[in-house]
Every structure is written in C-alpha cells, then in structure tokens.
1. Could you state the per residue volume, in Å³, of the convex hull enclosing the Cα atoms of the stretch 78-190?
2. Would you kindly derive the ³J(HN,Hα) couplings of the stretch 111-117 from the backbone phi angles with the Karplus curve 6.51 cos²θ - 1.76 cosθ + 1.60 (θ = phi - 60°), listing them in order in whole Hz, with x for Gly and Pro?
3. With each run of n ≥ 4 DSSP H residues scored as -39500 (n - 2.57), what mean residue ellipticity at 222 nm is computed for the chain after dividing by its residue count and rounding to the nearest 500 deg cm²/dmol?
4. With θ set to phi - 60°, apply the Karplus curve 6.51 cos²θ - 1.76 cosθ + 1.60 along the stretch 169-176 and write out the HN-Hα couplings as whole Hz, x wherever there is a Gly or Pro.
5. Using the basic label-point model (7 angstrom from Cα toward the beta carbon), what is the residue 27 to residue 179 distance in nanometres?
6. What accessible area per residue, rounded to a whole number of Å², is obtained for the chain using a probe radius of 1.4 Å?
7. For the chain, state what percent of all Cα-Cα pairs lands in each successive 5 Å bin, counting from 0 Å until the bin that includes the largest distance.
8. Which whole number of Å³ per residue matches the convex hull of the alpha-carbon atoms in the stretch 108-160?
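The values are calculated or read from the model by the stated rules, or taken from the named source; none is laboratory data. Keep in mind the model is a prediction, meaning the values are calculated, not measured. Here the Cβ is made from the backbone with ideal geometry for all residues, glycine too, and neighbour counts use every protein chain on show. Each accessible area value is taken on the protein alone, full model and side chains, heavy atoms only, with ligands, DNA and RNA left out. Shrake-Rupley method; radii C 1.70, N 1.55, O 1.52, S 1.80 Å.
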Amino acid sequence: MTEKALNSSETLESQSLSDTTWHELIDRMSVLFSLSDDMNQRFKKCKLAKLIAALPFIAGCDDPYRTALSHLSITYLASHEAGKDIFNHNFADNKALLKRLEPISHFSGGHKTIIDRGMNLLAVIMLADHKKDIENDKISDKYNPLSSEVWNFEKQIFHLEKAINSIYCPQMDEIITFEDAKAYWWEYPS
C-alpha cells in the first residue's frame, strides 16, 4: 500500500483511462444506482467524474478500476439529494483544504506526486464551486468557507496553481486543465 514518489528523472509508467473503461465504469454506476439513460449520458460528460475515475489509472495505482468505481460511488452519494446534506462543507472541513475530499483520497500504491496533483485539481473545482455559490449560499443560509472568510479564494488558488503546474501530466490535462478547473463548477449528475 505504499505510494511511490515521482522524482524529476523518472518517467511515469501509467495507464490512461480508456474510453471503453470510462464507459464501463459509468454503465456499472448506472446499474448500481439505477440511473436513467439521461443521467448516464450526463455522467459520461462530467469532467469532475472523469478526473476522479482517471486518477488511479494515471497514477499507476494497484487495482485502479476498484478505486475508480469506489471514488465515483462516494462522489455520487455526496451529490445525491439523499446524501448531499451529510457531505456539504461544514466547520470541521475548514481545518485543511483537502479535508472535505478525504473520502475519495484513498489509493493503493501509485505515484503520490500524481495523486496529489489530481487531488489539488479537485480542490480547485471545489473552490470554484464555493465561489460560484456564494450568493445562493447566503440566500439559503448554507455555510460557505469563502463567504465566511475562513478561506481566501485567491490565496488558495495561487498555491494550488503553483503545485499543479510544477507536475507535468498531459493525461490529466486532457481531462481538465488548471484553468478549466478554475472556471468549472460542480454540475455533477444527481
């Protein structure tokens, strides 16, 4: 279960998430959660979901299919109306930027540097979603760490951009780049 660090002279020997595997994963999600055909298609177009599924493959993790399906399932539970309130940001999540993403941060083996890059991209998406939702969250009295000034969007984004851009990973950038992640908001199929 050890994760491998990637040093600058090492070439990453990883797999990409093939279109076939991506569609198989979503088809399994459809069966597991009785998703409609429309929901299945929305899932297949979701960059956030694809990044979550691809990360264990790109990082060269042990049994990436299992990790991908597990992380997609947790993310779906967090986005579904029946689970959303349990997974919404709360005060305990303020401790660290990646705290809220902890349920989908478990990987068996793989390159830690690539895993960190992927988790940081997910954090950018999460921050972009918080930023987009500031006004609606005020109206609905929903807790938002940006509007409460616990987190500073510009400061967090600056550090994340530096960390993400320091690691070259074209397989991940094919799914979503830093700039795309910053402009993206969570339109997760639910």
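1. Taking only Cα atoms, the stretch 78-190 has a hull volume of 117 Å³ per residue.
2. After applying 6.51 cos²θ - 1.76 cosθ + 1.60, I find 7, 4, 4, 6, 4, 4, 4 Hz.
3. Dividing the helical sum by the residues of the chain leaves -17500 deg cm²/dmol.
4. Coupling constants for the stretch 169-176: 8, x, 4, 6, 5, 5, 7, 7 Hz.
5. So the two model labels end up 3.6 nm from each other.
6. Roughly 54 Å² per residue, with all protein chains present.
7. Cα pair-distance distribution for the chain, in percent: 1, 8, 16, 20, 20, 17, 11, 5, 1, 0, 0.
8. Value for the stretch 108-160: 87 Å³ per residue.
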